[in-house]
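Asks: Pasting in a structure now, in structure tokens, and then I'll have a few things to ask.
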Amino acid sequence: MKTKILLLIITLPLLLIAQNKIDPSHQNQALKCNMCHSCEIPTKEKLCLKPCPRDKMVTIEQTPGESPNVITIDHLRSQTDLYKPVKFSHRVHAEMSGFGSGCKMCHHYNPPGKVIGCSDCHEASRKRTDISKPDLKGAYHQQCMNCHRQWSGKVECESCHALNNSKQASVAVQEKAKQGNIVHPKIAAPEIVKYDTPKANGKIATFNHNDHTKTFGLDCENCHTDQSCNKCHAKNKQASLSSRTVADKHAVCDNCHNVKTNCSMCHSNSVKPGFSHVARTGFDILKNHSKLTCNRCHTTKAKFSGLKADCSLCHGTWTKENFKHAVTGLQLDEIHSDLDCTECHQEKNFAKPTCKNCHEDKVYPKDKPGKMIKK
Amino acid sequence: MAKHSRRDFLKTSALIGSATLGLSSTAKAAPENVLSEDRMGVLVDTTVCIGCRKCEWACKSAHDLPTASIETYDDRSVFSNVRRPDDKALTVVNEYQSITSDKLPINVKVQCMHCDHPACVSACIVGAFSKKENGSVVWDTDKCIGCRYCMVACPFQIPAFEFEKALKPDIKKCDFCINRTASGKIPACTEICPVEAITYGRREDLIRTAKEKIKNYPHRYINRIFGEYEVGGTSWLYLSSKEFEQLDFPKLGKDPAPGVSEAIQHGIFSYFVPPVALYALLGGIMWINKNKKHNETDTEN
Amino acid sequence: MENMKPTPQERKYFTPIVIGLSVLALNGIIFLLGRFVFGIGSVTNLDNQHPWGIWIGIDVAAGVALAAGGFTTAALGHIMHKDQYHAIIRPALLTATLGYTFVAASVMIDLGRYYFIWHPLLMWNGSSVLFEVGICVMIYLTVLYIEFLPIVTERFIGKVNLPGFLKKFNQPVDKFLRILDRGLEKTMFVFIIAGVVLSCLHQSSLGTLMVIAGPKMHPLWQTPILPLLFLLSAITVGLPMVIMESVITSKSFGLKPETHILSNLSNIVAPLLGVYLAFKIGDMMIRKTFVYLYEVNAASVMFTLELLIGIIIPLRLFMSRQVAKSPVAMATASFLVILGVLMNRINNFLIAYNPPYAVKSYFPSIGEISVTIGFVALEILLFRFFVINFPIVSEPDTTAPHTKFSLRGTTK
């Protein structure tokens, strides 16, 4: 027991010292040590870093516009090179990475601080003792070829490098990128997608793309996660689509909708109409709430029931003093503007005003307590 | 039985050598054919290989084999046939379709695997093959008699013979760039590979790296390193996204290829006891029969 | 029992058959020249997938097995001391000597670097089965030549007649032969036992040769007891080979076949065949390889044929009393055993060998077949030459009952 205490006494300060010496940039992060380090107490001499935790440790807050336009990759230049260095059109690629998982597609390891490039981690010499990560040449080429051979199928050196004995400084496409002439064309989003399925009851699965992007306000990458160039640039696109399994096809929807119990949400014998809040709930959000995202009201994620049509839940209590009726498009006349809200609006959703409290013979909306104005 | 293979053989040959001839070339070469802990190897990650075939060019250039210019290696039509290394190309890259067609084709580089317990070393009649300290299995032109037993023995069918040569035909196979590594360089194919799909390093480190890769990317790799255990382990190791047997790798067990035959061999020749015993036995029978005959003729007379 | 004495069979050498054989031999030699000028690839169908063809499978492997008559008769006649068989020892010895000479020649022509054939003498690899086979065959060939020497000395002692100016050496050569003869007589038993031991070793090791090919070899043949099966089959085929060769020689030279000796020999063949069959079937049962016989392919058909033609049918024949009475029937049964062993060796080295990356299967080229046939023809021609010129074949002796040279080396 004594020895254990002694050990503890000795190791504790060491531990504390070690803890104190953590790089300041690390402290800003809510990181667990063992995410990157394989040993208990990493030291400067013995970092014991795990292989790059792709996706987990990326802190680049730069937009493609802020990034360098063209980078000449010449870290490995030597006399005997067969090829000239590549002029890498960084900005174009940064923009394109937006279709996929962003900067981390290439900058797969970037601790807080500056944006680091391949040569900061990958050794330039191929003959080395640490072979857990590729050398610099391998890292560059792996990064490029992973996508490039997917969508072009080409692996020739000349598609990126100019030959050393040619007059060309670089490959033509790189020159164009330098002038900023290359951008990825806008991707046209479909409004509605109709799938013919083999399902007996409900042959047609309707996917209303418009609803998801416009009405529900989802961003592309909410569904299109981790897209590779290959998704669109595959040589045999039809084959790649047909090779997806039933589970693959349902997986995207299953992120939000439970596909096991909600078949009829998409599957039907005819094309389903788009989402209509009023048809589903009776509350016409298009009237006054069209600009709100779903989660402004449906605060509990993925739970869309249980909201009462009670305006005061969000808006607080309206009184004749704090509510300018004109926003509804109806300018109350003088007599009516002095009345309490409840005189006409007896329901909590302020939907159907009644005139019966004062007027026996008047009915809304035939008779109006003021004049309509433009909103 | 299989355990006392090489050591025993060395002992035996030393014994025979000193007993009869006084010297034996194999006994002298003892430090060879012993596995070093620091032996080198190469990890081939077939999921990284792009099939650019630059390794084929580099190999031929490094071994003074006739080759076309490097640009001609962009020709991918060669992949329509499965090719094998031969006397004119010590390594070749083949292409296989992936399981799902939207994925990329799988390219597999083929060359000598440099076994830890090589069948060729065990089989060669004159000991022209040897496993060097750095892991390479190399062939000695000064010894070879061209019997081609190495080709029969090799579980990977790698050694190739120059059938067209009438004089001094060679056995050709990857020599792990023994001349380059001796002068501190790394093998030509591992140097030129643009994507470093072939990583040169200590075999132990390579296995560790490979296991880490499998652990980190379980969807990318099948959980197996070809060459870790096959025929007792090989210096060249492979990672793949598809079962190796579907990529034309031979289906092999974990026992070293020369195990059974060496066991039989050493059983028959354990310190020459069985042959000498048989000799004594036959001599005894002969002597008894002779005496019997003698007695018979004596009594007849 | 009448006394038999080996005498040269003085006949005209050339007969129509001999001329035919000469043509075949010449044809083989022409293709052989092609191999030496243009390389192995130009004459054979060998490639990197099929490194060994019929030159190894038939000429060497089957050649060694079929020359087993030499050591089986030596064991029977000298070691077991069955004097009745002495009449057949010399023809068997000649067959073996010629057989092994051609085995060596076949190895030589098959070697890519034939001029380095002596390398194994200096460069040793104790773990190599081929090294063991090579060294054993080399030593055994020497032993065979030594065993054959007394026949040469017997032929020439007192008859040395060198031509021209060499005449003056007649006396010393004669003296040398006599010394040699005496020396051999005293030490011959050493060589005879050595011959049997060496034969046992390399006959079995020839089987071990293919064990290293592992999964490349069809499971019907790939077994750890391959060396035992090779040894058993070699012992079994030795006597049928002698029977065959004796019957044909008698026929060819118009002598009376030694029916008595031969039927005694054939009585030994049946139990040997039985043992061989038992091991072969037992091995198949233990390793459960009979499942491969259910599918019809080259391997299963060849295995069945080998078993049926080579072992089961001749076993039945040799067990019959009628067969033992007729030299022709014995020769037929013997021929089946020989065919069986020949098939076994071809199966082991060629049919069972399935290279993993072969795009085409191996079939011998005309060149390979020509050379193999040429060698066999040459062997028969040489056999005839020796039978005519040397005391090989025994005839009933009407003169002296016991000549000095009738029983060689062992009867002192």
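Asks: Output needed: percent of Cα pairs per 5 Å distance bin for region A:64-178, bins running from 0 to the one holding the longest distance.
Replies: 2, 10, 18, 24, 23, 15, 7, 2, 0
Asks: Given R₀ = 56 Å, FRET efficiency for B:SER98-A:LYS46 by Cβ-Cβ distance, to 0.05? If you can, show how the numbers build up before the last one.
Replies: Numbers: r = 40 Å, r/R0 = 0.71.
It comes to 0.90.
Asks: Measure out, as a whole number of angstrom, how far apart the alpha-carbon centroids of region A:317-363 and region C:379-396 sit.
Replies: Measuring centre to centre over Cα atoms gives 138 Å.
Asks: A further question on this structure: Any idea what Rg and Dmax come out to for chain C if you just take the C-alpha atoms, in Å?
Replies: Spelled out, the Cα radius of gyration and Dmax of chain C are 21.9, 73 Å.
Asks: Let me check I've understood the local charge: for C:LEU206, count other residues with C-beta under 10 angstrom from its C-beta, Lys and Arg +1, Asp and Glu -1. What total comes out? Could you put the intermediate results ahead of the total?
Replies: On the way: positive: C:ARG345; negative: C:GLU132.
Spelling it out: positives minus negatives among the neighbours equals 0.
Asks: With a bin width of 10 angstrom, please list the P(r) values of region A:312-372 as percents of all Cα-Cα pairs, from the 0 bin to the one holding the largest distance.
Replies: 20, 61, 19, 1
Asks: Separate question: Assuming a viscosity of 1.002 mPa s and a temperature of 20 °C, what translational diffusion coefficient in µm² per second does Stokes-Einstein assign to region C:194-242, Rh being the Kirkwood radius over Cα pairs?
Replies: Values: Rh = 11.3 Å.
In µm²/s, the coefficient rounds to 189.
Asks: Here's another thing I want to ask about it. According to a simple spin-label model (label point 7 Å from Cα along Cα-to-Cβ), what is the distance in nm between B:ASP248 and A:LYS366?
Replies: Calculated label separation equals 8.9 nm.
Asks: Ok, one more. Where does each of B:CYS120, A:CYS314, B:CYS52 land when they are ranked from fewest to most other beta-carbon atoms within 10 angstrom? Walk me through the numbers on the way to the answer.
Replies: Values: B:CYS120 29, A:CYS314 12, B:CYS52 25.
Fewest-to-most ranking of B:CYS120, A:CYS314, B:CYS52: A:CYS314, B:CYS52, B:CYS120.
Asks: Under a crude label model (7 Å from the Cα following the beta-carbon direction), how far is A:THR197 from A:ILE9 in nanometres?
Replies: Simple spin-label model gives 7.1 nm for this pair.
Asks: How far, in nm, would the chain grow between B:PHE272 and B:ASN289 when pulled straight, counting 0.36 nm per residue and subtracting the alpha carbon separation? Each step should come with its number before you reach the end.
Replies: On the way: separation 17, 0.36 × 17 = 6.12 nm, distance 2.59 nm.
Going from the current span to full extension adds 3.5 nm.
Asks: For A:VAL86, enumerate residues with amide H under 5 Å from its amide H, sequence gap 5+ or separate chain, H modeled in the peptide plane.
Replies: Here A:ILE73 satisfy the definition.
Asks: Quick one: if the Förster radius is 41 Å, what FRET efficiency do A:ASN69 and A:SER312 give, using the C-beta to C-beta distance and rounding to 0.05?
Replies: Details: r = 54 Å, r/R0 = 1.32.
Once rounded, the FRET efficiency stands at 0.15.
Asks: Separation between the A:PHE323 and C:TYR357 pseudo-spin-labels, each 7 Å from Cα along Cα→Cβ, expressed in nm?
Replies: It works out to 8.4 nm between the two label points.
Asks: So, in Å, what gap is there between the alpha-carbon centers of region A:58-91 and region C:20-70?
Replies: First find each Cα centre; the distance between them is then 64 Å.
Asks: Given region C:86-198, what whole percent of its Cα pairs are spread farther than 21 Å?
Replies: On the way: 3284 of 6328 pairs.
Summing the P(r) tail past 21 Å for region C:86-198 gives 52 percent.
Asks: Say R0 is 35 Å: what FRET efficiency, to the nearest 0.05, do B:LYS168 and C:ILE309 get from their beta-carbon distance?
Replies: On the way: r = 43 Å, r/R0 = 1.23.
The calculated FRET efficiency here is 0.20.
Asks: Next question. What is the log10 of I(q)/I(0) for the protein assembly as shown, computed with the Debye formula using one identical point scatterer on each Cα and no solvent, at q = 0.09, 0.10 Å⁻¹?
Replies: Result of the Debye calculation: -1.10, -1.25.
Asks: Ok, one more. Beyond 20 Å, what share of the Cα-Cα pairs of region C:216-294 remains, rounded to the nearest whole percent?
Replies: That tail contains 48 percent of the Cα-Cα pairs.
Asks: Compute the signed sum of charges (Lys and Arg +1, Asp and Glu -1) over the other residues within less than 11 Å, Cβ to Cβ, of B:PHE249. It would help to have the intermediate numbers written out before the result.
Replies: Numbers: positive: B:ARG224, B:LYS242, B:LYS251; negative: B:GLU230, B:GLU243, B:GLU245, B:ASP248.
Net of charged neighbours comes to -1.
Asks: What share of Cα pairs, in percent, lie more than 33 angstrom apart in region B:34-261? Could the numbers behind the result be given before it?
Replies: Numbers: 3193 of 25878 pairs.
Value for region B:34-261 (Cα pairs over 33 Å): 12 percent.
Asks: Over 26 Å between Cα atoms: which of A:LYS87/B:LYS54; B:LYS60/B:LYS165; B:LYS213/B:LYS251; A:LYS249/B:LYS213; A:LYS87/A:LYS137; B:LYS172/C:LYS360 fall into that group?
Replies: Numbers: A:LYS87/B:LYS54 22 Å; B:LYS60/B:LYS165 19 Å; B:LYS213/B:LYS251 23 Å; A:LYS249/B:LYS213 29 Å; A:LYS87/A:LYS137 15 Å; B:LYS172/C:LYS360 21 Å.
Exceeds cut-off: A:LYS249/B:LYS213.
Asks: Please compute the Cα-Cα pair-distance distribution of region C:218-357 with 10 Å bins starting at 0, giving whole percents from short to long.
Replies: Result, from short to long distances: 12, 41, 28, 14, 4, 0 percent.
Asks: Please arrange A:PHE275, C:PHE71, A:PHE99, C:PHE14 by counting, for each residue, the other beta carbons lying within 10 Å of its beta carbon, fewest first.
Replies: Working: A:PHE275 13, C:PHE71 27, A:PHE99 19, C:PHE14 10.
The order, fewest Cβ neighbours first, is C:PHE14, A:PHE275, A:PHE99, C:PHE71.
Asks: Where does region C:170-256 land on Rg/Rh, using Cα atoms and the Kirkwood Rh? The partial results should precede the final answer.
Replies: Numbers: Rg = 20.3 Å, Rh = 16.7 Å.
Rg/Rh for region C:170-256 comes to 1.21.
Asks: Holding the Cα-Cα limit at 30 Å, pick out from A:LYS127/B:LYS211; B:LYS109/B:LYS131; A:LYS84/B:LYS215; A:LYS133/C:LYS216; A:LYS84/B:LYS173 the pairs that are longer than that. Working shown, then result.
Replies: Values: A:LYS127/B:LYS211 21 Å; B:LYS109/B:LYS131 22 Å; A:LYS84/B:LYS215 37 Å; A:LYS133/C:LYS216 38 Å; A:LYS84/B:LYS173 34 Å.
Over 30 Å Cα-Cα: A:LYS84/B:LYS215; A:LYS133/C:LYS216; A:LYS84/B:LYS173.
Asks: Further question on the same structure: Per q in 0.11 1/Å, what log10 I(q)/I(0) does a Debye calculation on the alpha-carbon atoms of region B:162-301 return?
Replies: With no solvent term, the Cα-only Debye profile gives -0.70.
Asks: Calculate how steeply helix C:259-286 sits against the longest principal axis of the alpha-carbon atoms of chain C, using the helix alpha-carbon long axis, and give the answer as 0 to 90 degrees to the nearest 10.
Replies: Relative to chain C, helix C:259-286 is tipped by roughly 20 degrees.
Asks: So, one more: Based on other C-beta atoms within 10 Å, arrange A:THR319, B:THR190 from fewest to most. Intermediate results must be reported in sequence, preceding the final value.
Replies: Numbers: A:THR319 10, B:THR190 24.
With the sparsest Cβ surroundings first, the list reads A:THR319, B:THR190.
Readers should treat all values here as calculations from the given coordinates under stated rules, not as data from a laboratory. The structure displayed is predicted, hence computed values, not measured ones. So basically every Cβ, Gly included, is an ideal-geometry build from the backbone, and we count neighbours across all protein chains shown.
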